[in-house]
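Notes for the one structure printed next.
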Amino acid sequence: MELEKGFGADFVVKGRAVEATPEKKGDDRARNLAILEEAASTCIKCRLSESRTRVVFGTGNIYTDLMFIGEGPGYEEDQQGLPFVGRAGQLLTKIIEAIELTRQDVYIANIVKCRPPDNRTPRQDEIFACTTDYLKHQIAWIRPKIICALGNVAVQNLLHTDKGISTLRGHFHDYDGIKLMPTFHPAYLLRNPGDKGKCWQDMKKVRAMLDEVKG
Ligand code: URA
């Protein structure tokens with residue numbers, strides 16, 4: 001695995017910087033995530049690799065307390081190699097800003113890292129391959145205090161439940177010692193704007209919990 005050493009404690013993988021702040025020197029998560037991203041960039045563990053344009057690994061602050069997890073890349077994300085950059089992404093940006101954060105304050109990833117053809121729901125074997133090899137490690141290295149799971153596919157696969165988002169949202173669940181708040185997927189909210197108020201209730205709880213865990 002080729003890692004080009006960048007400036008200071010940073011590593012650059014194929015031109016993409018994974019930043020490490022000076023006070024985090026000695027913390028090897030930037031390096032581990034860079035290695036994982038490099039591995040994911042050529043992944044052929046499932047059929048989604050056959051039709052993808054780019055692997056969408058995840059983006060944002062790797063030292064964050066708050067991580068958002070969606071379902072999988074759509075057209076725009078597949079083109080750009082970045083999560084949540086299409087219409088749903090614009091709404092997610094507003095949701096993040098509504099709790100007085102920016103996209104640079106949080107980390108954003110998906111259950112699967114490659115776009116399912118025609119935006120179909122990812123299949124269980126695709127989800128298993130991708131979460132086992134990548135997302136689980138990504139979460140473990142970022143170690144956020146809070147995960148916000150966006151929509152049914154994210155929450156059901158993280159919590160291993162078949163309960164729906166309407167039942168699960170509104171309160172925190174446990175994911176491996178991390179507080180997990182499920183809320184509606186922004187794409188659903190674009191189709192059902194009447195449910196934005198419920199999402200706002202969930203996000204206010206996330207904000208309050210963030211303040212609590214920061215002390
Ligand atoms: N929907 C998702 O679940 N993830 C993205 O990155 C974009 C849209």
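For the chain, the pair-distance distribution built from all alpha carbon pairs, in bins 5 Å wide starting at 0, is 1, 7, 16, 20, 21, 17, 11, 5, 2, 0 percent.
Quick one: dipole size for segment 72-192, taken about the Cα centre, charges +1 on Lys/Arg Cβ and -1 on Asp/Glu Cβ, in debye to the nearest 20.
Result for segment 72-192 is approximately 200 debye, rounded to the nearest 20.
The label point for Lys214 and the one for Ser166, both projected 7 Å from the Cα toward the Cβ, are 3.5 nm apart.
The residues Arg115, Arg120, Arg52, when put in order of fewest to most other Cβ atoms within 10 Å, stand as Arg120, Arg52, Arg115. Helical runs assigned H by DSSP (4 residues or longer) give the chain a calculated mean residue ellipticity at 222 nm of -11000 deg cm²/dmol, each run adding -39500 (n - 2.57) before division by the residue total. Within the shell defined by Cβ-Cβ distances under 13 Å, the residues around Thr161 carry a net charge of 0, with Lys and Arg each +1 and Asp and Glu each -1. Sorted on the mean count of surrounding Cβ atoms within 10 Å across their residues, most packed first, peptides 137-150, 202-215 read 137-150, 202-215.
Give Lys145/Lys204; Lys113/Lys214; Lys45/Lys179; Lys113/Lys196; Lys113/Lys198; Lys145/Lys205 a once-over and call out the pairs whose C-alpha atoms are over 22 Å from each other.
The pairs that break the limit, which is 22 Å between Cα atoms, are Lys113/Lys214; Lys45/Lys179; Lys113/Lys196; Lys113/Lys198.
Quick note: the coordinates plus some simple rules give every number you see, no bench work behind them. From a predicted model like this one, the values you see are computed outputs, not experimental measurements. Don't worry about glycine lacking a Cβ; one is built from the backbone with ideal geometry, like all the others, and counts go over all protein chains shown.
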